[in-house]
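Chemist: Before I ask anything, let me first share the structure, which is written out below as structure tokens.
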Amino acid sequence: SPLRAFESEFGIQAPAGFWDPAGFCKDGDAVKFARRRQTEIKHGRVAMLAAMGYMTPEITGKWPGYLSPSMGIKFEDVPNGLAAISKVPAAGWGQIIAWMAYCEISVNQKPGTPGAKGELGWQGIPPGPSYNPNDKESKSKKLKSELANGRLAMMAIIGMFFQDGLTGSAWGDWALYTGSPLRSLKSDPGFNTLPEWDRPKNGFEGLVGDQPPLGLWDPLGFTKDRSVETFKRRREVELKHGRVSMFATIGYIVPEYFKWPGYLSTSLDLKFADVPNGLKALSVVPLAGIAQFFAFIGFLELSYNKSYGEPGNYGKGLFGLGSLGISAGVDDPKKRDKKLRAEISNGRLAMVAIIGMFFQDGLTGSAWGDWALYTASPLR
């Protein structure tokens with residue numbers, strides 16, 4: 001296969017392996033591959049400098065003195081990000097372009113030369129006393145790190161440009177962009193009905209779950225009917241799914257480190273240690289065990305959990321400790337609000353996480369996605 005010709009090159013790294021979804025390398029042309037790799041390295045280096053250029057002025061401040069004495073422009077007068085484009089003098093842009101041209105022209109970068117591989121004869125960080133230029137393993141690790149960091153920086157700087165263009169800040173001050181298509185309703189951050197669930201004055205803004213950076217995120221418009229009862233039912237379902245997903249995610253992780261001693265089923269001579277982790281367990285756990293799961297869920301849904309009017313509140317206190325006779329209520333409104341918001345955020349993350357674990361487990365046989373086991377991936 002022509003693709004195999006490039007699978008030993010730098011950049012063929014976990015988890016994506018040889019990632020070429022557009023099929024640029026199907027022709028097996030080594031010259032074209034080398035040119036694209038040279039371009040990727042350059043773009044990555046420029047993106048790393050650009051990403052640091054966005055962050056450094058925010059953290060360390062700006063140079064003292066004048067950027068252009070003749071025009072009276074100080075460094076501190078130049079805003080950060082895209083807004084600087086209109087402030088930097090034309091002569092300054094000329095210097096930047098001239099420097100880029102010098103970097104490109106001053107080193108021989110023809111095919112087959114060290115320059116074509118990104119070796120331009122200088123290092124951004126001088127090597128330390130322990131550096132050994134003949135250590136191939138160390139050099140390979142550093143080159144792979146440079147590629148990986150460059151790829152991340154390319155994504156990062158595009159994200160910074162996008163947020164800067166939308167909000168005026170590379171850090172995406174969401175409050176400044178009220179016209180986002182990701183917002184379905186107007187923001188009203190000062191309004192919170194918790195724990196009273198009367199009809200909100202402007203929709204459902206301010207309730208638990210209406211949190212930065214997306215605010216009240218409802219791209220499909222489920223809440224446009226402004227039905228409080230429907231909203232409460234959906235919120236209760238979301239909380240249940242989030243709680244189950246948090247348990248499920250932990251349930252994937254813990255057995256990798258610990259399993260109960262003894263037998264899961266003495267009649268079938270089945271030990272806990274015999275049950276594999278993840279989806280494979282479904283074929284090993286006895287039907288009676290699966291039935292017990294359903295029976296317990298049914299007991300909680302139909303008998304034990306009684307609604308207290310607020311979605312997800314069944315009168316059991318923090319972490320459900322009330323079921324053990326332990327008083328675990330949170331009376332401080334601010335602490336209660338913070339914990340409820342943390343729960344719904346963690347539940348949302350867990351729902352995404354468990355689906356990712358299922359997907360990787362189904363593809364590779366492991367929730368941790370051993371990519372080497374899935375050679376037929378369409379992402380290769």
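The values are calculated or read from the model by the stated rules, or taken from the named source; none is laboratory data. Computed from a predicted structure; not experimentally measured. In this analysis, Cβ positions are derived from the backbone assuming ideal geometry, glycine residues included, and neighbour counts consider all displayed protein chains. To get the accessible areas, we keep the full protein, side chains included, count just its heavy atoms, and leave off ligands, DNA and RNA. Shrake-Rupley method; radii C 1.70, N 1.55, O 1.52, S 1.80 Å.
Chemist: Please report the base-10 log of the normalised intensity I(q)/I(0) for segment 1-117, using a Debye sum with one equal scatterer per alpha carbon and no solvent, at each q in 0.12, 0.21 (1/Å).
Modeler: The calculated log intensity ratios at q = 0.12, 0.21 Å⁻¹ are -0.67, -1.19.
Chemist: Let me ask another. For a Förster distance of 25 Å, can you work out the FRET efficiency between the beta-carbons of residue 303 and residue 326, rounded to the nearest 0.05?
Modeler: Details: r = 21 Å, r/R0 = 0.84.
Working from the Cβ atoms, E equals 0.75.
Chemist: Kindly state, as a whole number, the per residue volume in cubic angstrom of the convex hull around the alpha carbon atoms of segment 37-93. Walk me through the numbers before you get to the answer.
Modeler: Values: hull volume 5.4 nm³, N = 57.
Dividing the Cα hull volume of segment 37-93 by its residues yields 94 Å³.
Chemist: To make sure I understand the rule: partners must be aspartates and glutamates, Cα under 19 Å from the Cα of residue 316, and not fewer than 8 residues away in the same chain. Which ones qualify?
Modeler: Hits, sequence-local ones excluded: 196, 236, 238, 301, 331, 332, 337, 343.
Chemist: Note down the Stokes-Einstein diffusion coefficient of segment 289-369 in µm²/s, whole number, using a Kirkwood radius over alpha carbon pairs, 25 °C, and 0.890 mPa s.
Modeler: On the way: Rh = 15.4 Å.
Once the numbers are plugged in, D ends up at 159 µm²/s.
Chemist: Among the chymotrypsin sites (Phe, Trp or Tyr not before Pro) in segment 243-315, which ones are in a DSSP loop with at most 16 other Cβ atoms within 10 Å of the Cβ? Mind listing them?
Modeler: Details: sites: 247, 252, 257, 258, 263, 272, 293, 294, 296, 299, 304, 308, 314; in loops: 257, 258, 308, 314.
Here the sparse-neighbourhood loop sites are 257, 258, 308, 314.
Chemist: Next question. Once the convex hull of the C-alpha atoms of segment 235-286 is built, how many Å³ does it hold per residue, rounded to a whole number?
Modeler: Details: hull volume 4.8 nm³, N = 52.
Dividing the Cα hull volume of segment 235-286 by its residue count gives 92 Å³.
Chemist: Once every Cα of segment 234-380 carries one equal point scatterer and solvent is ignored, give the base-10 log of I(q)/I(0) from the Debye formula at q = 0.12, 0.14, 0.16, 0.17 Å⁻¹, two decimals.
Modeler: Log10 of I(q)/I(0), two decimals: -0.69, -0.90, -1.08, -1.15.
Chemist: Please calculate the 1.4 Å probe accessible area of residue 155, with all protein chains present, and give it to the nearest 10 Å².
Modeler: 140 Å²
Chemist: Which distance in nm do the two modelled labels at residue 256 and residue 30 give, with both placed 7 Å along the Cα-to-Cβ direction?
Modeler: 3.9 nm
Chemist: A 25 angstrom limit on the alpha carbon distance is what I want to check against. Which of 62/87; 62/338; 110/144 exceed it? Intermediate results must be reported in sequence, preceding the final value.
Modeler: Details: 62/87 15 Å; 62/338 37 Å; 110/144 22 Å.
Table pairs above 25 Å Cα-Cα are 62/338.
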